[in-house]
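In what follows, a structure is listed as structure tokens, so that the remarks can point back to it.
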Amino acid sequence: MAASRYRRFLRLCEEWPVENSKQQRDLGSVLRQRVAQAFREGENTPISDPEACDQMYESLVRIHTNFYKNKYPRLKDTTFTGVTVDDCRRILATDILKQMEDMKKGTWKRLREKFSAKKPEEDSK
């Protein structure tokens, strides 16, 4: 029975898209890592709680298939602020978040990092 569960999770991992704009924060890549950890021995991995495993799988399938988005359709594709889904994706991209972090730094800190021979992590020690 563990073999069929493993195959179902693998199939789900194959179908789940990976967003390259969210490096190390993408749900698809986290799912792949967790499945690899949970099924270290592949099809021969013993499952201590099969009910919880099945429940987890069903929950992930509902997320992947947009079950609740389809069940409860929205009237508009924007938030109360007027931001669209595409705008949210662009804002949450790793490159934009790094730029925002750089903007939060003060002028003195940016200049010090730019002209310092040491890395900023070494400086804070």
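The values are calculated or read from the model by the stated rules, or taken from the named source; none is laboratory data. Everything numeric in this text was worked out from a predicted model, so none of it was measured. We place every Cβ from the backbone using ideal geometry, glycine too, and count neighbours over all the protein chains shown. With ligands, DNA and RNA removed, areas are computed over all heavy atoms of the protein, side chains included. Shrake-Rupley method; radii C 1.70, N 1.55, O 1.52, S 1.80 Å.
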Being surrounded by 13 or more Cβ atoms within 10 Å (Cβ to Cβ), at pLDDT 90 or above and not aliphatic (A, V, I, L, M) is the filter here; which residues of region 63-105 pass it? His64, Phe67
Only one of (1) open to solvent by 80 Å² or more (accessible area, probe 1.4 Å); (2) in contact with a Lys or Arg (Cβ under 9 Å, 6 or more places away or on another chain) fails for Glu19. Which number is that? (1)
Which residue pairs have Cβ atoms under 6 Å apart, sit 6 or more places apart or on different chains, and have a first residue in region 27-48 that is under 15 Å from Cys13 (Cβ atoms) and a second that is hydroxyl-bearing (Ser, Thr, Tyr)? Phe39/Tyr6; Phe39/Thr45; Glu43/Tyr6
